[in-house]
1. Just to be sure before I move on: is residue 307 within 25 Å of residue 217 (Cβ to Cβ), modelled with pLDDT under 95 and not small (Gly, Ala, Ser) in the structure I sent?
2. Mind listing whichever residues of the stretch 148-161 are at pLDDT 65 or above and part of a loop (DSSP other than H, G, I, E, B)?
3. Show the residue pairs meeting these rules: Cβ distance below 9 Å; 6+ apart or different chains; first residue within the stretch 106-120 and in the same structural domain as residue 135 (by TED's automatic domain parsing) and within 13 Å of residue 59 (Cβ to Cβ); second residue of a type in the set (S, T, N, Q) and not in a strand (DSSP E or B).
4. Out of the residues in the stretch 63-79 that are of a type in the set (A, V, I, L, M, F, W, C) and out of contact with any His (no Cβ under 8 Å at 6 or more places or on another chain), which is surrounded by the most Cβ atoms within 10 Å (Cβ to Cβ)?
5. Return the only residue of 256, 245 being touching a helix residue (DSSP H, G or I) at 6+ places or on another chain (Cβ under 8 Å), surrounded by fewer than 17 Cβ atoms within 10 Å (Cβ to Cβ) and farther than 17 Å from residue 199 by Cβ.
6. Does the stretch 195-206 contain at least one residue that is under 17 Å from residue 300 (Cα atoms), out of contact with any Gly (no Cβ under 7 Å at 6 or more places or on another chain) and touching a residue at least 60 places away in the same chain (Cβ under 8 Å)?
7. Just one of (1) within 22 Å of residue 131 (Cβ to Cβ); (2) among the hydrophobic types (A, V, I, L, M, F, W, C); (3) within 29 Å of the chain's Cα centre (by Cα) trips up residue 49, so point out which.
Amino acid sequence: MSISKWLEPYKKWGTKFSLWPIHLVTACCGVEMAHTWNPTYDAERLGSLPWHAPRQTNLILIEGTITLKMARVLRFIWEQMSDPKYVIAMGSCAAEGGIFWNSYHVVPVSKIVPVDAYAIGCPPTPEAVIQMIRIVQRKIESGEARANVKPRTIDLTKVLTPSPTKQPAPNPPHRITPNPHIPVCVEKKVDWAFGYDYVSKQLMPALGELAKKIVVTDVNRVCVETETSKLKDAAQALYKLGFDHVKSVNVIDVPHENKFYVEYWVSSYSKKELMPVLIALTTEVPRDNPRVPSLIDIWPSADYMEREMYDLFGVWFEGNPWMGKNFLLDPDTPVKFPLRKDVPVVREFYLVDREFPSAAPPAAPAKPAVAKPQTQSPTQQPQSKPAQTDTAGQGSSTG
């Protein structure tokens, strides 16, 4: 038997009880991690002691959400750790994004580094973290990560009568459709007698054919949809009813239908009964030529917000003298209209089998070769050894 094979059980035993975890905290799981090693639970008795430097650690606890920005940090720290090294993903956010599972900027930990154990919870308890440490120790000893318990399967349909739901929670999570429905001016039945009475007796007679749709969307909320050519006349009609100022101007981008929704949210300071009421005056414009009439001559408070919507979406409000000029953004910004969904979002995917791109290190100065008179001619120049190119990626020099 070779000496290496003879020593293998002792090496596993030593590694098993010499776990030096470093932790990457991005969310609330860090509190539970601290609790795990406090005197109450004393996880140090299991052969693990938190450490502060990646190069002297062999276990990393990832506590919380990992964004695309933090993915590079995680990968860099993991590459600095000593081999053999192990990873515990702590919490639902680290496992699959948690409550942020459908966000554009969140990446599961398994896409960045290989995960040995998952401590599930939001956040997981110290007991769960201790169990994950035990699972890692069993993996070191046997080569297999085995759970300490086997859950019993129960048929809940024999115990409970499931109630139908409109939209069950995704399990496992799935990304949303690339062409989602954008609900605008969706009617909602609510207990608001004043609103329904006001819509039928005031708004509908005043707007008439100027409105394509007038619906109650919630308590104290009304949506008025109109055509772009009739937007200004509809705004004038609302102003005469007492809606004397604009609360907000919004643009909703619907690229798969090649259009924008432009919304003016208006209310009243002059009529007490209308003060709680918000009306969304909405119109559609094409994305390739988004032009709507400015309403600043009716509602001066719309001025700054129209400028913002031009800066961020490129919607041109005809009649606003600030069109074509930057308001919020730096004039030299390389990205125009950054909130349009056709502006590419820079994303990088960090996979376990993919190294980070890094520039080759500068070539070290060549050492002068010692001439050997018996083999080198007077005209032959000493050749320097080619510089070795680092292909291991960023952080490849581990200690």
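The values are calculated or read from the model by the stated rules, or taken from the named source; none is laboratory data. None of the values given here were measured: they were computed from a predicted structure. A quick note on method: Cβ atoms are made from the backbone with ideal geometry, for glycine too, and the neighbour counts reach across all protein chains shown.
1. Values: within 25 Å of residue 217 (Cβ to Cβ): no; modelled with pLDDT under 95: yes; not small (Gly, Ala, Ser): yes.
Criteria not met by residue 307.
2. First, the residues of the stretch 148-161 that are at pLDDT 65 or above: 150-161.
The answer is 150, 151, 152, 153, 154, 155, 159, 160, 161.
3. Within 9 Å, the pairs are 117/131; 119/125; 119/131.
4. Restricting attention to the stretch 63-79, the residues satisfying the condition of being of a type in the set (A, V, I, L, M, F, W, C) are 66, 68, 70-71, 73-74, 76-78.
From what is left, the residues that are out of contact with any His (no Cβ under 8 Å at 6 or more places or on another chain) are 66, 70-71, 73-74, 76-78.
Details: 66: 28, 70: 18, 71: 21, 73: 14, 74: 22, 76: 14, 77: 18, 78: 20.
So, considering only residues that are of a type in the set (A, V, I, L, M, F, W, C) and out of contact with any His (no Cβ under 8 Å at 6 or more places or on another chain), the one surrounded by the most Cβ atoms within 10 Å (Cβ to Cβ) is 66.
5. Numbers: 256 fails: touching a helix residue (DSSP H, G or I) at 6+ places or on another chain (Cβ under 8 Å).
Only one candidate qualifies: 245.
6. Quick first cut of the stretch 195-206, residues under 17 Å from residue 300 (Cα atoms) only: none.
There is no residue in the stretch 195-206 that is under 17 Å from residue 300 (Cα atoms), out of contact with any Gly (no Cβ under 7 Å at 6 or more places or on another chain) and touching a residue at least 60 places away in the same chain (Cβ under 8 Å).
7. Only one criterion is unmet by residue 49, namely (3).
For (1) on the phi < 0 side of the Ramachandran plot; (2) of a type in the set (A, V, I, L, M, F, W, C); (3) part of a helix (DSSP H, G or I), each residue gets a yes or a no:
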position	(1), (2), (3)
208	no, no, yes
232	yes, no, yes
238	yes, yes, yes
281	yes, yes, no
